[in-house]
1. Pull out all pairs, ordered by first then second residue, where Cβ-Cβ is under 6 Å, the residues are six or more apart or on different chains, the first lies in region 41-55 and is on the phi > 0 side of the Ramachandran plot and in a loop (DSSP other than H, G, I, E, B), and the second is at pLDDT below 95 and surrounded by 13 or more Cβ atoms within 10 Å (Cβ to Cβ).
2. Which one of these is surrounded by 12 or more Cβ atoms within 10 Å (Cβ to Cβ), closer than 14 Å to residue 93 by Cβ and touching a strand residue (DSSP E or B) at 6+ places or on another chain (Cβ under 8 Å): 61, 11?
3. How many residues, within region 17-35, are part of a loop (DSSP other than H, G, I, E, B) and at pLDDT below 95?
């Protein structure tokens, strides 16, 4: 983690390379900012590796110009409209919601 910083309402976790989610990312009002110039991945680990509570919500922002793809680890199911897994454009936002032990929803400004 590059270092979490806070303002009065949200905490920001800026990442400058591909990144695997950590338990701290599910804290209320935290945004994972992918500030990468080239294509990059945000990986969802299995429940066995990082046991996020069911109902966890993780906000993701594509701050950099490099397109962010949300990648489920083997054994993780990612559900999204039309199977979309990429944030659509720079400054786009998406939300992950943990539905089951290894099942997540992805919604927001996403594309294929």
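The values are calculated or read from the model by the stated rules, or taken from the named source; none is laboratory data. Just so it is clear, the model here is predicted, and its values are computed rather than measured. Reconstructed Cβ throughout: ideal geometry from the backbone, glycine too, with neighbour counts over all protein chains shown.
1. Pairs that qualify, where the first residue is on the phi > 0 side of the Ramachandran plot and in a loop (DSSP other than H, G, I, E, B) and the partner is at pLDDT below 95 and surrounded by 13 or more Cβ atoms within 10 Å (Cβ to Cβ): there are none.
2. Sole residue among the options that is surrounded by 12 or more Cβ atoms within 10 Å (Cβ to Cβ), closer than 14 Å to residue 93 by Cβ and touching a strand residue (DSSP E or B) at 6+ places or on another chain (Cβ under 8 Å): 61.
3. Of the residues in region 17-35, 3 are part of a loop (DSSP other than H, G, I, E, B) and at pLDDT below 95.
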